[in-house]
Amino acid sequence: MRSAGAAASEEPRRRRQAPESPLVDGEAGRLIRPYTVSNGRTRPTADFALLTLVMATGARPQSYLGPDHSQVLGLCGGPVSVAEVAAQIGLPAVVTKVLLSDLAECGAIAARAPGPSPGSVARTDRQLLEAVLDGLRKRL
């Protein structure tokens with residue numbers, strides 16, 4: 001028998017996945033193993049970090065890739081991180097990266113690696129860090 005805490009921790013996961021999907025059962029969860037979603041592939045063909053931002057380009061894949069690819073593409077209407085996409089579809093990050101790399105190969109999404117924003121200073125300001133350290137030392 002499950003404890004009340006275990007049932008409560010599973011509740012958000014059930015709400016995240018579409019109940020009308022034939023691939024999801026309310027009690028059992030996802031009915032298809034992650035490695036089948038990626039056709040057994042464990043390495044994406046493109047380099048995606050968890051903070052890489054992806055966004056749909058508006059181009060549709062010329063062939064149907066599958067329901068998971070469609071779901072991922074639907075989440076990429078605006079800039080969204082790889083980690084957020086993985087959380088939304090309830091799959092491991094590496095499987096999500098495989099799906100995203102498939103979409104990137106056919107031009108359906110564009111990716112931007114995380115990095116400093118335009119116009120920002122790429123280097124760490126040593127004086128600022130020393131001032132923060134001094135302030136912390138005074139407080140402690």
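In summary, PRO67 fulfils each of the numbered conditions (1) at pLDDT 80 or above; (2) open to solvent by less than 60 Å² (accessible area, probe 1.4 Å); (3) out of contact with any strand residue (DSSP E or B) (no Cβ under 8 Å at 6 or more places or on another chain) with the single exception of condition (2).
Run down ARG112, ARG139 and say which single residue is loosely packed, with under 13 Cβ neighbours inside 10 Å, touching a strand residue (DSSP E or B) at 6+ places or on another chain (Cβ under 8 Å) and not hydroxyl-bearing (Ser, Thr, Tyr).
Numbers: ARG139 fails: touching a strand residue (DSSP E or B) at 6+ places or on another chain (Cβ under 8 Å).
Of the residues listed, the single one that is loosely packed, with under 13 Cβ neighbours inside 10 Å, touching a strand residue (DSSP E or B) at 6+ places or on another chain (Cβ under 8 Å) and not hydroxyl-bearing (Ser, Thr, Tyr) is ARG112.
The values are calculated or read from the model by the stated rules, or taken from the named source; none is laboratory data. Keep in mind the model is a prediction, meaning the values are calculated, not measured. Neighbour counts run over all protein chains shown; Cβ positions are idealised from the backbone, glycine included. Side chains are part of the model used for accessible areas, which takes the heavy atoms of the whole protein and leaves out ligands, DNA and RNA. Shrake-Rupley method; radii C 1.70, N 1.55, O 1.52, S 1.80 Å.
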